[in-house]
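The values are calculated or read from the model by the stated rules, or taken from the named source; none is laboratory data. Not measured: the values here are computed from a predicted model. We place every Cβ from the backbone using ideal geometry, glycine too, and count neighbours over all the protein chains shown. Heavy atoms of the whole protein, side chains included, go into the accessibility calculation; ligands, DNA and RNA do not. Shrake-Rupley method; radii C 1.70, N 1.55, O 1.52, S 1.80 Å.
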Amino acid sequence: MKKIVVIVDEQKVGELFYERDKNSYGFNYTANYKPISLIMPYRASTYNWKYKLHPIFDMNMPEGYLFEIFKKYLSKEYGYMDDFLIFSHLCVNIQSRLTYESWIVKDAFVSFDKDEILDNDTPDTFTKIMTAFLTKNAISGIQPKSLALLSDKESLTTKEYILKTWGNEYSELALNEYFCLKTVEKVGVTIPNIQLSKNNKFLLVERFNYDKATNRFLGFEEILVLLGKNKDEKYSGSYEQVAKVLYSVTTNKSESMNALYKTIVMNYLLRNGDAHLKNFGILYDEEFKNIYFAPAYDIVNTVVYFNKDKPALTMFGKKLWFGKKELIKFGIENCYLSQSEATHFYNMCQNALKCGIEELENYVSAHKPFEEIGLKMIGMWKVSQDEKTYKELPLETL
């Protein structure tokens, strides 16, 4: 039986295996060192997971665009394909708190010059990056994206980035996400370092799971993992669950809950219908002394592409675009905020939205290619300013 060795701090702590006849995944600790996940503390017995990889491993599985590429590549090579085979190829090239040894030989990657990639944001460049780093792509999400090692001539450093692009079905997605994240940043919520390419075809997102001060990788787990769920369950949950889990695991509870509340409010105001359980996460240090809300990521206005889109998760048992009254109520009942705190943070978010609208209006007036999507975003954001609840957003704004 083939096995994957799981390593923490260069210490082999366990083995992952797959029983194909039972369609069952198992993980055994081989050393009582440090847990591989907050929901998988050390124990002598096997952690069995039926049909799917354990959430901490499944978190790294590709979806959509990347999954289809792996499916074609591995099916042709082996005559079959399953999650264990995909993970066996990906895991040896993962840079994170957890590293792995597999029966697959680790690849040697050559970095690309960051400025050259940003200056030549063409489909051919993306294909070149995606092909070069195919077996490093332990990232989820349906849009075209790829991990890449890029070198910076000025700082003389090489870092791991996520390179995102878009097709005709999600026109101008890079600019969409850029303006959404920059608006979220205005309320004091941390976001990853992001950079647009020359022609706005790429959005470069720096990985945030590395601590420069200690020269170590931080632990990162999605809320989906902490709920013991897999990627096909990312839309099955509520924002109440997100808040409850975050409060239960974080060590800086007040700061993390404040950041979560502002992030959720901004997702509603910006009309992001894809804020699912994989798009919230936590970071922690090697000793689990500091566990806190991760930077906000993957925030876009989805309504411009899906006119009848709704929030990804429920709030108060419903998927509605809630307004001021309900969002403040959510903050009080689920984020442990006082009435004045929830109101203050909500107003901060509305002020940030106002600034975001002004910046977007100025940008659209000078950049015609973005006009169609930009004006739709502005229309949706202005609807958010009326602070009302909507079952479906008014289509006349689109």
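Looking across the stretch 110-145, just one residue is outside any helix (DSSP H, G or I), modelled with pLDDT under 85 and over 25 Å from Glu222 (Cβ atoms), and that is Val110. Only residues that are surrounded by fewer than 17 Cβ atoms within 10 Å (Cβ to Cβ) and in contact with a strand residue (DSSP E or B) (Cβ under 9 Å, 6 or more places away or on another chain): list them for the stretch 184-193, please. Thr190, Asn193 - these are the residues of the stretch 184-193 that are surrounded by fewer than 17 Cβ atoms within 10 Å (Cβ to Cβ) and in contact with a strand residue (DSSP E or B) (Cβ under 9 Å, 6 or more places away or on another chain).
Restricting Leu53, Leu90, Leu147, Leu74 to those that are open to solvent by less than 10 Å² (accessible area, probe 1.4 Å), more than 28 Å from Asp21 (Cβ to Cβ) and out of contact with any Ser or Thr (no Cβ under 6 Å at 6 or more places or on another chain) reduces the list to Leu147.
Within the group Gly79, Gly26, which residue is over 25 Å from the mean Cα position of the chain (by Cα) and at pLDDT 95 or above?
Gly26
Would you check if there is a residue in the stretch 77-92 being out of contact with any Phe, Trp or Tyr (no Cβ under 6 Å at 6 or more places or on another chain) and among the β-branched types (Val, Ile, Thr)? Within the stretch 77-92, not a single residue is out of contact with any Phe, Trp or Tyr (no Cβ under 6 Å at 6 or more places or on another chain) and among the β-branched types (Val, Ile, Thr). Among the residues of the stretch 368-380, those identified as touching a residue at least 24 places away in the same chain (Cβ under 8 Å) and not charged (D, E, K, R) are Pro369, Phe370, Ile373, Gly374, Met377, Met380. Of note, Leu196 satisfies the criterion of being touching a Phe, Trp or Tyr at 6+ places or on another chain (Cβ under 6 Å), within 30 Å of Lys382 (Cβ to Cβ), open to solvent by 20 Å² or more (accessible area, probe 1.4 Å) and touching a residue at least 12 places away in the same chain (Cβ under 8 Å).
Of Leu163, Leu181, Leu204, Leu175, all but one fail to be of a type outside the set (Lys, Arg), open to solvent by less than 50 Å² (accessible area, probe 1.4 Å), touching a helix residue (DSSP H, G or I) at 6+ places or on another chain (Cβ under 8 Å) and assigned to a helix (DSSP H, G or I); the exception is Leu175.
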